[in-house]
Amino acid sequence: MNVLRIAADVLSLPYRMGFEIWKFIALRRKRPHIPAYTITVGNLTLGGSGKSPFVIELGRELMERGIKFAVLSRGYRRRSKGLQAVPPNSAVDPIIVGDEPALIFRKLGGKVPVIADRDRLRGGRYAVEQFDVEAVILDDGFQYLRILHDYLILLVNVEDLNGGPLLPFGRFREPLSAMKRADLIVINYRDREFDDREFNFGITPYIRMRYEIKVPVPPGTHAFVFAGIARPSEFLNMLRKNGVEVVGHKFFMDHKWYSDKDISKILKRARDKGADVVLTTEKDFIRLKSAPDMIKPVELETHIERIDHIASILASKIVSFRRIS
């Protein structure tokens, strides 16, 4: 295993050198600022660190404090181009803006504008001009160095705190040393209980988060499970821990858009396995063109330490930014 790790580190050197050179240049040139307080949520690895659940919980807290904000996303794997916006109190099409932006919009009650655009500066300016927001939340923007960020929040899975190989042979976009750029570190325990470990990130504060699921069927129910997410086996294990009798499963690539043919095959396999219900994640459910009654989404409940305290700090910063502007 150590030999493989060393080999991956060596093979990743060209990527690391190229990224470090680009980062050195990007951080030292004059960068524009979105005309709103910019909160950025990101990670160091490819997928599966809980960015969207965190954005949803932070968004709820900011809404309670009367902060008017928008969520900016590039809309990964959406089937559209350019800037796409979802105004408050309107219908959202996941194919147009992407599954994660659509899920964030719905979980925030359709009250917060969501903008999908690879150009975050353009998306931020549009949010300010069209929706008069005083803050924006950049979803998955830790490596987006073309603009200035006011508050950087970095999510790290607890098992990733030992680091790992960089792309293209590993999962890490940046080494752990990049954590120094963050204003706040969020350690994601995922479906595990918090332990009593203490972490030391220098002067950078940290909080912890974890997940629970709300299973829409009673324990002992025979279920067929499908998912197209970064960590599908983890979802499967959470269902089993909650008493679901998993009789079969089918995993797809992350962010897969399901066709009617896909759904027909899933339902057939479920019936062949004797399943009473078909379970999937909320993010997968939102990517279905239509959902037969047999398919039910499993809601994710996120627990974040001191999120109310963090939101209060950010609300104060946003108010101060508004006064200065």
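The values are calculated or read from the model by the stated rules, or taken from the named source; none is laboratory data. Computed from a prediction, not measured in an experiment: that's the story for all the values here. Every residue, glycine as well, gets a Cβ built from its backbone with ideal geometry; the counts of neighbours run over all protein chains shown.
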Looking only at residues in region 303-312 that are in contact with a helix residue (DSSP H, G or I) (Cβ under 7 Å, 6 or more places away or on another chain) and surrounded by 15 or more Cβ atoms within 10 Å (Cβ to Cβ), which one is farthest from ILE185 (Cα to Cα)? ALA311
Which helices (runs of 4 or more DSSP H) does region 37-131 wholly contain that include 1 or more residues that are within 21 Å of ALA311 (Cβ to Cβ)? 51-64, 99-107, 120-131
TYR189 being crowded, with 18+ Cβ neighbours inside 10 Å and either aromatic (Phe, Trp, Tyr) or closer than 23 Å to THR38 by Cα (or both): no
If you check TYR144 against the conditions, is it assigned to a helix (DSSP H, G or I), assigned by TED's automatic domain parsing to the domain that holds PHE69 and of a type in the set (Ser, Thr, Tyr)? no
Please specify each residue of region 313-325 satisfying the condition of being in contact (Cβ under 8 Å) with a residue 40 or more places away in the chain and surrounded by 14 or more Cβ atoms within 10 Å (Cβ to Cβ). LEU314, ALA315, LYS317, ILE318, PHE321, ARG322
Report yes if some residue within region 150-163 is in a strand (DSSP E or B), small (Gly, Ala, Ser), farther than 14 Å from VAL186 by Cβ and touching a helix residue (DSSP H, G or I) at 6+ places or on another chain (Cβ under 6 Å); otherwise report no. no
When residues of region 73-109 are limited to those that are within 15 Å of ALA127 (Cα to Cα) and under 14 Å from the mean Cα position of the chain (by Cα), the one surrounded by the most Cβ atoms within 10 Å (Cβ to Cβ): SER73
Residues of region 276-302 classified as surrounded by 14 or more Cβ atoms within 10 Å (Cβ to Cβ), out of contact with any helix residue (DSSP H, G or I) (no Cβ under 7 Å at 6 or more places or on another chain) and not hydrophobic (A, V, I, L, M, F, W, C), total: 4
Please work out if ALA223 is assigned to a loop (DSSP other than H, G, I, E, B), surrounded by 13 or more Cβ atoms within 10 Å (Cβ to Cβ) and of a type in the set (Gly, Ala, Ser). no
Going residue by residue through region 159-179, is there one that turns out to be assigned by TED's automatic domain parsing to the domain that holds SER52, touching a Pro at 6+ places or on another chain (Cβ under 7 Å) and surrounded by fewer than 18 Cβ atoms within 10 Å (Cβ to Cβ)? yes
